[in-house]
Amino acid sequence: MTARPSPTPRTRTRPADRREMVLKTASDAFGARGYAATRLIDIADEVGISAPALYRHFPTKYDLFAAAVDRLSEDVSTAVAEVTACDDPRDELRAVLAAFTETFLDHRVSGNLYRWEQRVLREPDRVRTREARIGLHRRLRSLIEAARPGLVRPSADLLTVAALSVAASPATHRVTMPRRAATDLVAGAAMTLLDVDLPAPTPTPAESPGLVPAGRRESILAAAVALFAHEGFHEVTVEDIGAAVGLPASGVYRHFSSKSAILTASLWRTADRTTDAVASALARAQTPEQALFSLASSYSTLCVDDPDIMSVYLSGTGSLPDDELRALRRQQRTTVDEWATWVVRARPDLTAPAARFLVHASLNLAGDLVIGRPDVDAPTVAAASAAVLLG
């Protein structure tokens, strides 16, 4: 009997775009969970390769993160650079905002990288992305100033930040709409900011240190929020939190079982305050339009009064346990749906998904305007936030 020939070993073909697959998967992971909570082994598993194979493309997690930020920055710069100059600054501004919006519709998960890139990136990488961001800011600001002669520079800067925040807002939620309709809606909402009459800034009273909570639990929460906002959740230890309130780590553990429990309590406190503000805002309104301005005003006041907790609220949810994150998102959706109901009542031409898009844009704008800007006041934030909702 003739022996069968041994089968020829099959050569496993390496995908030509493996590096791109790794980079796309990592970008989404970093965008969803943040830098510290993302593990390379999870990225390798999702791509279907071994960890050593991943390391051949990116030697360290930092290298992969920096490459992801670079890709997002390059995609934004390329999209905006393709917009040619127009005789009418408003036409050019709308085209730039539409290109920016489309980029974030393409990066709805990885787009959140911009929330923590400054904390993670090393100086040479930070400088490179900062230069790209500054270039974009200056182009939009010059168009805004050309469209509104006489607008003072601080107001032009604020409107630029607000418009970019609205255009980037699709990366903060998962509401679905047809792409062209979403682009037109979001870019149009950003354009409404061009004609907002910002209120005269109110004098900022000299800050005093004030009083601190007497209860240990409240003191721990307050200290932890400040540390999380400025240092990052994963960079802060329980010992750091204890030291801020004059306690050893064991003293902190008497009130909270873990650092994650402190973060959870802080975020739930903010979610509850946001929910409570809805009822009080609606009680002051008589029409849907008044309801939207009252909602925007209440939320803006929350943001201005406690920018640290808003910073943690916007960027810290990826560090929550999965069950807590799902519960928090359910409450967030309830708040968004309430706002969206009043948007539709004020603007019956809008669909419910379109209204939710605008609510997320308005909330994103309020948070972005107060973080790192101690001089902005609540009436100014509210004026911009309400304009996005009312059109």
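Listing for the model above:
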{"item": "Mean separation of Cα contacts under 8 Å, 6 or more apart, over the residue count of the chain: relative contact order %", "result": "18"}
{"item": "Whole-Å semi-axes of the stretch 262-319's equivalent ellipsoid (Cα gyration tensor)", "result": "25, 11, 8"}
{"item": "Karplus (6.51, -1.76, 1.60) ³J(HN,Hα), θ = phi - 60°, over the stretch 47-60, in Hz, Gly and Pro reported as x", "result": "6, x, 10, 7, 4, x, 5, 5, 5, 5, 8, 9, x, 9"}
{"item": "Segment residue 126-residue 333, extension gain: residue separation times 0.36 nm, minus the distance between their alpha carbons", "result": "71.2 nm"}
{"item": "Per residue Cα convex hull volume in Å³ - calculated over the stretch 18-195", "result": "119"}
{"item": "For the chain, built as a Gaussian network whose Cα springs stay under 10 Å, the top-fluctuating residue of 185, 121, 72", "result": "121"}
{"item": "Karplus (6.51, -1.76, 1.60) ³J(HN,Hα), θ = phi - 60°, over the stretch 237-247, in Hz, Gly and Pro reported as x", "result": "9, 4, 4, 4, 5, x, 4, 5, 10, x, 10"}
{"item": "Residue with peak Gaussian network fluctuation, the chain [Cα springs, cutoff 10 Å], from 107, 137, 360", "result": "137"}
{"item": "Dimensionless Rg over Rh [the stretch 125-195; C-alpha; Kirkwood]", "result": "1.03"}
{"item": "Approximate shape of the stretch 255-390 as ellipsoid semi-axes (Cα gyration tensor, √5λ), whole Å, largest first", "result": "26, 17, 13"}
{"item": "Rg(Cα)/(2.2 N^0.38 Å) for the chain, N = residue count", "result": "1.10"}
{"item": "Mean residue ellipticity (222 nm) of the chain, computed from DSSP H runs ≥ 4 via -39,500 (n - 2.57), nearest 500", "result": "-22000 deg cm²/dmol"}
{"item": "Nearest-0.05 FRET efficiency for residue 91 and residue 218, computed from C-beta distance (R0 56 Å)", "result": "0.60"}
{"item": "J(HN,Hα) series, the stretch 138-150, from Karplus relation 6.51 cos²θ - 1.76 cosθ + 1.60, nearest Hz, glycine and proline x", "result": "5, 5, 5, 4, 5, 5, 4, 5, 5, 7, 10, x, x"}
{"item": "Only Lys, Arg (+1) and Asp, Glu (-1) charged, at Cβ; the chain dipole about Cα centre in debye", "result": "1300"}
{"item": "The chain: most fluctuating residue of 355, 167, 66 per GNM, C-alpha cutoff 10 Å", "result": "66"}
{"item": "Relative contact order (percent, whole number), the stretch 18-195, Cα cutoff 8 Å, 6+ residue spacing", "result": "27"}
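Throughout, read-outs are computed from the coordinates displayed, never taken from laboratory work. Because the structure is a prediction, the values reported are computed rather than measured. Quick reminder, even Gly has a Cβ in these numbers, built from the backbone with ideal geometry, and neighbours come from all protein chains shown.
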